[in-house]
Each structure stands twice: as C-alpha cells, then as structure tokens.
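Please read the structure below before turning to the comments.
The values are calculated or read from the model by the stated rules, or taken from the named source; none is laboratory data. Model, not experiment: these values are computed from the prediction. In this analysis, Cβ positions are derived from the backbone assuming ideal geometry, glycine residues included, and neighbour counts consider all displayed protein chains.
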Amino acid sequence: MQAFVYESGRLFAEGVAVEDLARRYGTPLYVYSRNHLRERYRAIVSAMAEMKPLVCYSVKANSNAAVIKTLVDEGSGFDIVSGGELFRALRAGADANKIVYAGVGKTRDEIEYALRERIGFFTVESESEAARISECARHLGIPGRIAFRVNPDVDPQTHKYISTGKKENKFGLDLERVVKAYEMAAALPGLEIAGLHLHIGSQILSADPFGQALRKIKEMCLALKAKYPTFRTIDIGGGLGIDYKADQQALDPAVYAAAVMPLLRELDLKVVMEPGRSIVGNAGILVCRVQVVKASHFKTFIVVDAGMNDLIRPSLYQAHHEIKAVTETSKTVMGDLVGPICESGDFLAQDRELPDVKEGDLMAAFSAGAYGFAMSSNYNSRPRAAEVMVDGNDAYLIRRRETWEDIVRGESIP
Ligand SMILES: Cc1ncc(COP(=O)(O)O)c(C=O)c1O
C-alpha cells in the first residue's frame, strides 16, 4: 500500500489529511502509517514463509513504543544494540526470548541486564566480547547463548557509512578467525554456541550481495553445525533497501528470498532476520512548515522549521528524500530546502527542483520513517519533534513534542 497519497491535491496519511495533523499537533511532525508497517512486516514473513523465519525488527531504525508494539502484535522479535533498546522493547511488550542483541561494544551492565531478562542470544563481534559474556554468565549463573557475527568481506554497494560487511569495517570477525573463535568460546564456561550471524550493511538494493555472503560462509557454517550440537541458528541480518526516489526500485522481499532461500535450504538451520528500514522507512514522513523563502540571483532557499537535528540523513549520508508540498503545487523552483540550524550542512534537499511554496505552507520529506526520529537530537537546543501514528481514519499522538524544560532536564549548575 501507498501510505501517503494525494486526494484532490491534498496529502493524506491513510485516511487522515496531513494538514489537519499539522494543525492539531504542530510542526515539525513525524507521521507514521500503522498499516504500512504491518504490511511490510507481513511481506517479509510471507516471502520467506518456507523458512518460518523469526523476523526480529531492528529497533534502531525507529524505536518508538507504538512502532514496537505494532510489531509485537504481529508476532515480531527484535534486534537490539544497547541496554536502552532492550528496555524499550521489553517495555513495549516484546518477548525476551525473541530478542537478539548486536553491537561491537556491549558493556558488562548491558550484558548482565540482557542475561537476566533471558534474551534469545547475543550476536558477538569479538573474542573478548565472548569472554566478557562468559564472565557475566558465570557470575549470574545464567547461560549466555551466542552467535559470532562474521564479516564475509562482500561489497553491499551502499553508502560507505552503512556498509558493515567489508573487511575494513569494524563489525564482526574476519572469515579466517571465525573457526578459532568458536573453539575458544566453546571452551569457556557459561556459554552456549547458538549459531552464526551476518549483517552486511543497510539500504542494499540488489539481492546479489546477500547470496554472495551466504555462499562465502556456507561450508564453514555446515562444519560448525556438525561440530556443535547447539549450533542451530543462522541470523542473516537486515539491510533490504527501499525506494527513496521515484525512479528507484526497492529490493522486493520475494527477490531477496529467491537469492537466499536455496542456500538456507542447504544449511537447514533456524532462520533469524533483522530488517529495519524495509519495514518502517516508507511508513513515515516528516512534515514541516515553511518559515522563509529567500531567493537570491544564485538560488532559492526554502527555510523550514525542520533541520538536520530532526532528520540528519541528508547531511550525514547525502541521502535523498523526496520533498513534496502538503497541498500540491504544479509550479516548481530550483533550490535548497534548509533548516534553521547554524550549519551549512543543515539541509533536507540540495540543488533540487522543489515545489514552489510560500511562507506558511506545509511540506513533507518522504521515506523518513527509518533512521529519522531515531537519529534526531537537540542540537541548537531544539526540542525534538512530535510523532503521530495514523491507523485508518484515526490518529494517535505517540510522542509529544519536547519542551525547553525537557531539553535542560538532568542538567545542574555546580
Ligand atoms: C546488526 C544489524 N542488524 C540489522 C540492522 C538493520 O538494518 P536495515 O535497517 O538496513 O534493515 C542493522 C542496521 O544497522 C544492524 O546493524
């Protein structure tokens, strides 16, 4: 489904007019479609149905409790990367047993918290992390289930900041080190070898790198499975790309499934997946209001009330978000869509054909559901945006707009 469509020139989120949401909740405002979330989750589950995968939605993409709860209700598990994300997932009703915990720098406190909550397993990124989990597990008398994250050294052909499976990236263990790492971990007390983990990067639009990565680890994985009786799981990570531009083709879960399924059949292991962006990316838009239109002989700057603190992807990754006016305009203007922050890098779109809007009009950055609010900050002491979830004709405020008081909460003057 298309969550955000125009009807008679007005932008709707499912059955609700976006201008009404902006009037009710103010701007900048994140708007999410609950039915889009459900549909994307189901598309992945159905494409991979033969494998009966445990889909663990990657909380980092969008960690709002209402998003997590919507996916809890669908039966989803969760991929987390911090104690904070574990707290969020459990608070929203996640089943601890369906939680997998990634990350290169888990602290002792975080590991013990996860052990006490009896999460599914840890995906482990180094030998010393395995040793640390063993110590914590012994200390608490709770077994720590682990899957080493393997870095298969494949090029996912994505932005270098979101490529994670090349040998120059900090993630996982190089192929040559993996077998030894399992031997070392198997000899440590308190650990159980659960399986193996791969996650090669994000916003990947071709299924080939996923197949390549699995081919690279297949023989090793079969040997590990034969060696360790508790080795029963392959976690194939996330990374499926979405269409940020009109002329871009999202990676269809069916195409992805066709590439990975033959290899997974050979492995005959329980499959875990960790999609984030492909579930929530196109379920969200960022709505903002035009403050100033500044035209010079060089170019036009449309200054809106959302900045890089609200949506950092354009500044950080040179990411493209489609920009549309909430009330359609046929005329366009060449220029930049910028925020109010004191940085030249503060833009949502640069050198683009933009809707010809005037001060007071509403605009929306599309495909902002993933790594949007989750990466937002209070830079320039800007309160973070409100978040709203639409379900059919109903809208729910799922995070109120921050206040100036919220920004200084926790600070003290010595
Ligand atoms: C370990 C791990 N799993 C899953 C994901 C989710 O990736 P995506 O949102 O591209 O599906 C990430 C993203 O960085 C990750 O690091």
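Residues to consider are 250, 257, 283; find the one that is closer than 20 Å to residue 54 by Cα and surrounded by 17 or more Cβ atoms within 10 Å (Cβ to Cβ).
257
Tell me the residue from 16, 67, 55, 5 that is away from the ligand (no atom under 16 Å from the Cβ), of a type in the set (Val, Ile, Thr) and in contact (Cβ under 8 Å) with a residue 60 or more places away in the chain, please.
Exactly one residue qualifies, and that residue is 16.
Out of the stretch 188-202, which residues are assigned to a loop (DSSP other than H, G, I, E, B), within 16 Å of the ligand (Cβ to nearest atom) and not polar (S, T, N, Q)?
Within the stretch 188-202, 198, 199, 200 meet the criteria.
Could you check how many residues of the stretch 101-149 are hydrophobic (A, V, I, L, M, F, W, C) and modelled with pLDDT under 95?
1
Determine the pairs where a residue that is farther than 12 Å from residue 135 by Cα, located within the stretch 102-115, has a partner that is aromatic (Phe, Trp, Tyr) and modelled with pLDDT under 95 with Cβ atoms under 9 Å apart, the partner being 6 or more residues away or on another chain.
What qualifies is 102/171; 104/171.
Which ones in the stretch 84-109 are in contact with a helix residue (DSSP H, G or I) (Cβ under 7 Å, 6 or more places away or on another chain), surrounded by fewer than 22 Cβ atoms within 10 Å (Cβ to Cβ) and closer than 20 Å to residue 193 by Cα?
Matches in the stretch 84-109: 96, 108.
Considering the stretch 365-386 alone, what residues qualify as being crowded, with 24+ Cβ neighbours inside 10 Å and within 16 Å of the ligand (Cβ to nearest atom)?
Residues satisfying the conditions are 367, 368, 369, 370, 371, 372, 373.
Restricting attention to the stretch 99-108, does a residue exist that is more than 19 Å from residue 238 (Cα to Cα) and in contact with a Cys (Cβ under 8 Å, 6 or more places away or on another chain)?
So far as the stretch 99-108 goes, yes, one or more of its residues are more than 19 Å from residue 238 (Cα to Cα) and in contact with a Cys (Cβ under 8 Å, 6 or more places away or on another chain).
Would you check if there is a residue in the stretch 172-187 being outside any helix (DSSP H, G or I), within 11 Å of the ligand (Cβ to nearest atom), in the same structural domain as residue 132 (by TED's automatic domain parsing) and under 18 Å from the mean Cα position of the chain (by Cα)?
Within the stretch 172-187, none of the residues are outside any helix (DSSP H, G or I), within 11 Å of the ligand (Cβ to nearest atom), in the same structural domain as residue 132 (by TED's automatic domain parsing) and under 18 Å from the mean Cα position of the chain (by Cα).
Yes/no matrix, rows are residues, columns are (1) touching a Ser or Thr at 6+ places or on another chain (Cβ under 8 Å); (2) within 16 Å of the ligand (Cβ to nearest atom); (3) under 21 Å from residue 153 (Cα atoms):
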{"residue": "212", "(1), (2), (3)": "no, no, yes"}
{"residue": "224", "(1), (2), (3)": "no, no, yes"}
{"residue": "230", "(1), (2), (3)": "no, no, no"}
{"residue": "252", "(1), (2), (3)": "no, yes, no"}
{"residue": "255", "(1), (2), (3)": "no, yes, no"}
{"residue": "258", "(1), (2), (3)": "no, no, no"}
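Go through the residues of the stretch 73-94 one by one and say whether even a single one is more than 13 Å from the ligand (Cβ to nearest atom), within 22 Å of residue 233 (Cα to Cα) and touching a Pro at 6+ places or on another chain (Cβ under 8 Å).
Within the stretch 73-94, not a single residue is more than 13 Å from the ligand (Cβ to nearest atom), within 22 Å of residue 233 (Cα to Cα) and touching a Pro at 6+ places or on another chain (Cβ under 8 Å).
How do the pairs read when you match residues in the stretch 390-414 that are under 23 Å from residue 70 (Cα atoms) with residues anywhere that are of a type in the set (Asp, Glu) and modelled with pLDDT of 95 or more, using Cβ under 6 Å and keeping only pairs 6 or more apart or on different chains?
Matching pairs, first to second residue: 390/14; 392/14; 398/387; 399/387.
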